[in-house]
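**Student:** Before we start, here is the structure in question, set down as structure tokens.
Values quoted throughout were computed directly from the atomic coordinates according to the rules given, and no laboratory measurement underlies them. Predicted model, so just to flag it, every value in this text is computed and none were measured. Cβ atoms come from the backbone with ideal geometry, glycine included; neighbour counts cover every protein chain shown.
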Amino acid sequence: MILQIKNLNINYEVRNGFVNAVQDVNITLSENETLGLVGESGCGKSTLGKSLLKILPKNAKIDGEILFKNKNIAKYNEKEMRKIRGKHISMIFQDPMTSLNPIMKVKDLFLETIKSHYPDIPEEEALEMSGKILSDVGIDPIRMNEYSFQFSGGMRQRVMIALSLVLKPEIVIADEPTTSLDVIVQAQIMTVLKKLKDEHRMSMILITHDLGVVAELADRIGVMYAGHLVELSTAEKIYYEPKHPYTQALLKSIPNTNIEDRELRYIPGDLPNLVKPPKGCRFASRCPYAKSICHEQIPPDFEVEGTKVKCWLYEKVKV
């Protein structure tokens, strides 16, 4: 087990209180495993991902344990985390258009990344490492002398992937890696990610809204809703045997390409206010199966046929 997240809580301090962005999340990640995190906007996926690198805003507070190789990095200070970021755990950010410094040549972006961990490495060797990983993502190394604004969106995303992998980290967090890219480029990017992940035997946390992408790449899938991890299981079980009403509704909301069924399904209602979250299940107000207890008590995690699900419908099979 390369990563264990135990009882993780993340709160943002705001003017009128605290935003309870992530509550009591427990996840494990094995070597060479891909874990997908899905859920609608505002459910805490990116907050969870960024917490692993401790790059959240200053108004964020982290409680709980984040065990990387059995060491609780949640307690690390900034100096200690700098030794982890990039070298051991790296992140591919959402928007390549704004995540790359436009006044630095691509080669300088790589040199900065490499030398931050290996200050004594010769520049020639660092550039050789950079050229190799750029070739792996389908970019001619000669383009290292160009600026990021000279690249297309898809090419910038490849540069982002190469930057995150150049130091061969054990874990890569891919936060919406295909956002704002067209469908063909999305497929190319995901193919590159899968290829490099397998070649380098990395573990990956894939954060996405695209249920099609996560179905193709993930070994296991965690479904998040309003800061809670409501379901966790293998990709196959999530898609063919979803347990939580939210997971079921989320899958039904995928547009159906069958011309005989043109009805667009949706989940009625809105996410709850996370400054003043409901007493019970956070999905209760939108759930067609909600019982009185659902509005009064937060459900614990139940184990149902190998799936971990946070729902009172399964209270008789509590672990």
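**Student:** Find which of W312, N16, I139 sits farthest along the positive direction of the dipole of the chain, computed with +1 on the beta-carbon of Lys and Arg, -1 on that of Asp and Glu, about the Cα centre.
**Tutor:** In the chain, that residue is N16.
**Student:** Shifting gears a bit: Report, in debye and to the nearest 20, how large the dipole of segment 89-148 comes out about its Cα centre when Lys and Arg carry +1 and Asp and Glu carry -1 on their Cβ. Before the final figure, lay out the partial values.
**Tutor:** Working: 5 positive and 11 negative charges, 33 e Å.
Once rounded to the nearest 20, the dipole reads 160 debye.
**Student:** What nm distance separates the two modelled labels at V275 and E296, each placed 7 Å from Cα along Cα→Cβ?
**Tutor:** Roughly 2.9 nm, to one decimal.
**Student:** I would also like to ask the following. By how many degrees, between 0 and 90 and to the nearest 10, does the Cα long axis of helix 123-136 differ from the longest principal axis of the chain?
**Tutor:** The angle comes out near 50 degrees.
**Student:** Then there's this: Per DSSP H run of at least 4 residues, take -39500 (n - 2.57); add these up for the chain, divide by its residues and hand me the 222 nm value, nearest 500 deg cm²/dmol. Can you show the working numbers first?
**Tutor:** Numbers: 10 runs with 92 residues, N = 319.
Result for the chain, helices only: -8000 deg cm²/dmol.
**Student:** Next question. Scan segment 17-92 for GluC sites (Glu not before Pro) in coil per DSSP, keeping those whose Cβ has at most 12 other Cβ atoms within 10 Å, and list them by number.
**Tutor:** Working: sites: E31, E33, E40, E65, E78, E80; in loops: E31, E33, E40.
Sites meeting the loop and neighbour criteria: E31.
**Student:** What shape does segment 68-155 take by its C-alpha gyration tensor, where a ≥ b ≥ c are the square roots of the eigenvalues and a/c under 1.5 counts as rounded, a/b above b/c as prolate, and the rest as oblate? Please report the intermediate quantities before stating the final value.
**Tutor:** Values: a/c = 2.17, a/b = 1.57, b/c = 1.38.
Note, shape of segment 68-155 comes out prolate.
**Student:** Given H295, H244, P268, which one lies farthest toward the positive end of the charge dipole of segment 219-319, if we put +1 on the Cβ of every Lys and Arg and -1 on the Cβ of every Asp and Glu?
**Tutor:** H295
**Student:** Here's something else I'd like to know. What is the dipole size for segment 1-64, taken about its Cα centre, with +1 at each Lys and Arg Cβ and -1 at each Asp and Glu Cβ, in debye to the nearest 20? Walk me through the numbers before you get to the answer.
**Tutor:** Values: 7 positive and 6 negative charges, 65 e Å.
That gives a dipole near 320 debye.
**Student:** Right, next: With charges set only on the Cβ (+1 for Lys and Arg, -1 for Asp and Glu), what does the dipole of the chain come to about its Cα centre, in debye to the nearest 20? The partial results should precede the final answer.
**Tutor:** Working: 42 positive and 41 negative charges, 205 e Å.
Around 980 debye, computed over the chain.
**Student:** Also: Under a point spin-label approximation (7 Å from Cα along Cα-to-Cβ), what is the K83-N7 distance to one decimal in nm?
**Tutor:** With each label point 7 Å from Cα toward Cβ, the separation is 2.7 nm.
**Student:** At 0.36 nm per residue, and after removing the present C-alpha to C-alpha distance, how many nm does the segment from K252 to E112 gain when stretched out fully?
**Tutor:** Numbers: separation 140, 0.36 × 140 = 50.40 nm, distance 4.52 nm.
Stretched fully, the K252-E112 segment lengthens by 45.9 nm.
**Student:** Right, next: Determine ³J(HN,Hα), in whole Hz, for all residues of segment 33-43 in sequence, where each value follows from phi through the Karplus function 6.51 cos²θ - 1.76 cosθ + 1.60 and θ = phi - 60°; x replaces Gly and Pro.
**Tutor:** Going residue by residue, I get 9, 10, 10, x, 10, 10, x, 6, 4, x, 8 Hz, with x marking Gly and Pro.
**Student:** Pairs of lysines 8 or more apart, or on different chains, with alpha carbons under 16 Å: count those in segment 219-319, would you?
**Tutor:** Qualifying lysine pairs in segment 219-319: 15.
**Student:** With Rg and Dmax of the Cα atoms in Å as the read-out, I listed [x] 20.6, 67; [y] 17.3, 51; [z] 21.9, 76; which label goes with the value calculated from this structure?
**Tutor:** [x]
**Student:** Quick check: pseudo-label points 7 Å beyond the Cα along Cα→Cβ at D198 and D219, how many nm apart are they?
**Tutor:** Once both label points are built, they end up 1.4 nm from each other.
**Student:** What does the convex hull of the Cα atoms of segment 1-118 come to per residue, in Å³, rounded to a whole number?
**Tutor:** Values: hull volume 17.0 nm³, N = 118.
Cα convex hull per residue, to the nearest whole number: 144 Å³.
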